[in-house]
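Some notes on the structure that comes next.
The values are calculated or read from the model by the stated rules, or taken from the named source; none is laboratory data. Since this is a predicted model, take the numbers as computed values, not measurements. Cβ sites come from the backbone with ideal geometry, for glycine too, and all protein chains shown count toward neighbours. The protein model used for the area step is the full one, side chains on, heavy atoms only, and it has no ligands, DNA or RNA in it. Shrake-Rupley method; radii C 1.70, N 1.55, O 1.52, S 1.80 Å.
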Amino acid sequence: MGARIETLYAPQEPSNAADVRRGRDGVLESLLHVYFMNRGVLIPPFHSMLLMCPASTQADCERYLSVLDSFCSDVLAQAGTLRLSDLTARWPW
């Protein structure tokens, strides 16, 4: 048994699958995957869902949250100077 968590970047909480589809940003999700991978955290490549199992530790969760916090901070810090579509070419991830 386990649980899962999925990270979605959207202006509002989705209420159905159509909202999720509209809220997806492929560039941002791709950047997230590379950012996390470069920091030793692997997220399945098909979307931003993490599977948790009984062997997952508090440290595992804290590591994920730490990298997510860094990712969000880095994206927000660059938001005024770059278009999101430019990030893959200009950030050293």
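Note that region 38-44 has calculated 3J(HN,Hα) couplings of 5, 10, x, 10, 9, 10, x Hz, one per residue in order, obtained from phi through the Karplus relation 6.51 cos²θ - 1.76 cosθ + 1.60 (θ = phi - 60°); glycine and proline are x. Give, as a single signed number, the net charge of other residues whose beta carbon lies under 12 Å from the beta carbon of Leu42, with Lys and Arg counted +1 and Asp and Glu -1. It works out to a net charge of +1.
Residues Ser15, Ser56, Ser48, sorted by accessible area with the largest first, give Ser15, Ser56, Ser48 [1.4 Å probe; ligands and nucleic acids excluded].
Rounded to the nearest Hz, the phi-derived 3J(HN,Hα) couplings of region 16-33 under the Karplus curve 6.51 cos²θ - 1.76 cosθ + 1.60 (θ = phi - 60°) are 7, 4, 5, 5, 4, 4, 5, x, 6, 10, x, 5, 4, 5, 5, 4, 4, 4, where x marks glycine and proline.
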